1. Hey, among the residues in region A:19-30 that are of a type in the set (A, V, I, L, M, F, W, C) and within 11 Å of chain C (Cβ to nearest Cβ), which one's surrounded by the fewest Cβ atoms within 10 Å (Cβ to Cβ)?
2. Would you pick out the residues in region C:223-258 that are open to solvent by 20 Å² or more (accessible area, probe 1.4 Å), of a type outside the set (Val, Ile, Thr) and under 16 Å from C:Pro54 (Cα atoms)?
3. What residue, among those in region C:53-85 that are of a type in the set (Asp, Glu) and surrounded by fewer than 23 Cβ atoms within 10 Å (Cβ to Cβ), is farthest from A:Val165 (Cα to Cα)?
4. Considering only residues that are within 14 Å of chain B (Cβ to nearest Cβ) and in contact with a Leu (Cβ under 8 Å, 6 or more places away or on another chain), look in region A:197-213 and name the one that is nearest to A:Ile145 (Cα to Cα).
5. In region B:187-203, which residues are open to solvent by less than 30 Å² (accessible area, probe 1.4 Å), more than 20 Å from A:Gly162 (Cα to Cα) and within 9 Å of chain A (Cβ to nearest Cβ)?
6. For region B:42-62, name all the residues that are open to solvent by 30 Å² or more (accessible area, probe 1.4 Å) and touching an Asp or Glu at 6+ places or on another chain (Cβ under 9 Å).
7. Among the residues of region B:84-98, write down those that are of a type in the set (A, V, I, L, M, F, W, C) and modelled with pLDDT of 85 or more.
8. Inside region A:79-108, can you point out the residues that are away from chain B (no Cβ under 12 Å) and either surrounded by fewer than 22 Cβ atoms within 10 Å (Cβ to Cβ) or at pLDDT 85 or above (or both)?
Amino acid sequence: MLDGEPLIRWHWLGDHLGYLGGLTADHAVIALVPVLLGLLLALPLGLACTRFPRLYQPLAAVFNVVYALPSLAVFVVLIPWTGLATQATVMLPLTFYALAVLLPTTVDGLRAVPVSVRQAATAMGYGPWRRLAAVELPVAVPYLIAGLRVAAVSSISLAAVGALVGRGGLGYLFVDGFQRTFPTPIFAGILLVALLALAVDLVLVLARRVLAPWAGRTAR
Amino acid sequence: MNWFDWLNSFLSDPAHRSGPDSIANRVLEHLAFSAEALALAALVAVPLGLLIGYTGRGLFLTTAFAGVARALPTLGLVTLTVLLAGVGDVAVLVPLTALAAPPLLVAAAEGVRGTDPDVRDAARGIGLTHPQTLFQVCVPAALPTMLAGARTAAVQVIATATVAAYVGLGGLGRYVIDGLATRNFPTTVGGAVLVVLLAVLVQLLFALLIRFASPPGTRTVRVDDHAGTPALQKESI
Amino acid sequence: MTTRLLRTATAAVLLLGAAACSSSGGGDPLAAGSSAPASAASGKTVVVGSANFPENVLLASIYSQALKAKGVKVEEKFNIGSREVLYGQLQSGALTVLPEYNGALLGYLDAKSTAAGTTAVNAELKAKLPAGLAILDSSAAEDKDSLTVTQETADKLGLKSIADLAGKAQDLAVGGPPEFKSRREQQFKDAYGLTFKEWKPTGDTTANALKDNTVQLGNVFTTDPKIVQLKLVSLADPKNVFSVQNVTPLVNQAGLDATGTAALNAVSAKLDTAGLTALMKRVAIDKEDPAAVAKDWLKSSGLS
């Protein structure tokens, strides 16, 4: 279908570095803010699930369903409420998808503290909030970070779909390239999405080293 | 904006009853893409994964590769493949296979790797060759893990096959994208609901398969209730 | 001790980052202003939108830069979707200006209209547009939908106009964007008595789908340089199903003041089909940026 169009126009890449940088920044915001929001939501929800274990199964089932929804359909359905080509239209579903990933890992993390350790903390006079902050959360950190890594990579990849409703960060490169029979921006877009995901992954691994140095190299 | 009305009008639209745009046809197209992609991915990923898991070499690379593959945006891969190979099933199979392969690869590798080394030694000790050990001992033990990986891959592929519609192919994505273009919410919603139903059905199917695949002795060991949650992968469209 | 501090600091930074990002509505390096609907007051931001195909992006870019040249504040929302999606956004004020095609717009508002020629079409549009929306001056430039075939098909079936498809239509497949079928199926039946074998949503790949014979007829826009590049033939439309299609700005009146109106009318005065086709060649074949091509045109037309 290329009809003589070269695979990559290097010149174009050189001329558009600023443009690509802007798209990458927009993409990062659209993709990552929902992940952080998802984390902020997952913590209280996860806590609730550990205190009320029967809450977990139905919640997980709901998220299971939400997760399987094709993102494009969700974006479209939201437009009348969140507006066209706005960040909100894309970020709201992405937050739910992130939450769907983070809830199980948060619950895992919070459950990871052995009962004996919790009891020891209580015996030492720790109130429930102090125990949470000083014992349960630190132990949960490696699990949270593992979940964040998956959620972040997932979100970065998914945010590109927003291009089909007018706001997709790097996804625009795919749409534009396709419309003009122009593979160069598509290559650039794929590469930048992958690099962004890799960079975020690295940051999270470093964060785990700093926040939970005892975690070492787990198979996660 | 009543969901029931939307679903009702979607289901009763005559164009959706018979002909190329019928629900039955689109579901079949969608399943066809998904099944082909899964089969291709399994063909490539499972043998490789078994080998890596058995020899224990390249495990780190495998997880790294799976991580990178997870980051590749499907929309980008599909548009690129169409530009390079024209509109056709190849355009969709390549990205979908690339999507399904990593979970299958990792599951096969991890599954075999997780076999108790004592059991493996015992198998070698009674005279089984490496291939026999692999297929008669490791694989059956790894089957639940491998099926869980297949379940993840299947759900992901089904959700992502909606992207085929952007480049003009069929499947349930057709409803989503055409509905978007013509501002026909019932069609879009109908398409989305069908995809979800399909995904849920497939998950149930795999749950059953995993049940039967687990040797009776291991069935008491509950596979962690969120190992199968789509938490590990998501459609990349 | 220090590791503990470092840990707390990292956690604090991550959480603060989340709070900062979400409270400022997300630092948005691309948008010029807020995306709230424009309110009726001068000095506000004009939101120029475009449909999801390159020519519309080019036209929107021309409008946007013409407005900026006259000191109007502009926010661009390009490549959003089809008219079916955009129209509602224009009515609500979320978009202020759209590059439209008068014939297609009239067909969208009143499928039964039989107005022919720019003057009649525009007069009907002025009558049919709801309060608050208006069209500005039309340009001479036209970009029409078409039924296009390959040279081989035209020779084989002896096709020069759409009327020549009588008796052959039932064996032929039509390609185009997803909305082509819902917009045109009835019109082809009423005007030419044609019922096609099937309608395939080939979207942006229509021209190539014609070449591979995935479809035999396709809606290729008449200014698309692929017509020349792939040696395609657009069939004549004697019954005027595709009507006139002058590029015309459609605006939400509350959002645009006299300066803006004058700027857009000046653009319409200078734009013609040959010029538009040449610009499209630069965008679609030479892969130049629509914004850069728009800028050049504005400069050479004395509008910037």
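The values are calculated or read from the model by the stated rules, or taken from the named source; none is laboratory data. From a predicted model like this one, the values you see are computed outputs, not experimental measurements. Cβ coordinates were reconstructed from backbone atoms using ideal geometry, including for glycine residues, and neighbour counts include every protein chain displayed. Protein only, heavy atoms only, side chains kept; ligands, DNA and RNA dropped before computing areas. Shrake-Rupley method; radii C 1.70, N 1.55, O 1.52, S 1.80 Å.
1. So in region A:19-30, the residues of a type in the set (A, V, I, L, M, F, W, C) come out as A:20, A:23, A:25, A:28-30.
If we keep only those that are within 11 Å of chain C (Cβ to nearest Cβ) too, we end up with A:23, A:25, A:28-30.
On the way: A:Leu23: 23, A:Ala25: 16, A:Ala28: 20, A:Val29: 21, A:Ile30: 28.
Ranking the candidates gives A:Ala25 first.
2. Scanning region C:223-258 gives C:Asp224, C:Lys226.
3. Going through region C:53-85, the residues of a type in the set (Asp, Glu) turn out to be C:55, C:75-76, C:84.
Cutting the leftovers down to surrounded by fewer than 23 Cβ atoms within 10 Å (Cβ to Cβ) gives us C:75-76, C:84.
Numbers: C:Glu75: 17, C:Glu76: 14, C:Glu84: 13 Å.
Going through the qualifying residues, I end up with C:Glu75.
4. Selected residue: A:Leu204.
5. Across region B:187-203, the qualifying residues are B:Leu198, B:Ala199.
6. Residue satisfying the conditions is B:Leu59 alone.
7. Applying the first criterion (of a type in the set (A, V, I, L, M, F, W, C)) to region B:84-98 yields B:84-85, B:87, B:90-94, B:96, B:98.
B:Leu84, B:Leu93, B:Val94, B:Leu96, B:Ala98 - these are the residues of region B:84-98 that are of a type in the set (A, V, I, L, M, F, W, C) and modelled with pLDDT of 85 or more.
8. As a first pass, look at region A:79-108 and keep what is away from chain B (no Cβ under 12 Å): A:82-83, A:85-92, A:95.
Passing the criteria: A:Thr82, A:Gly83, A:Ala88, A:Met91, A:Leu92, A:Thr95.
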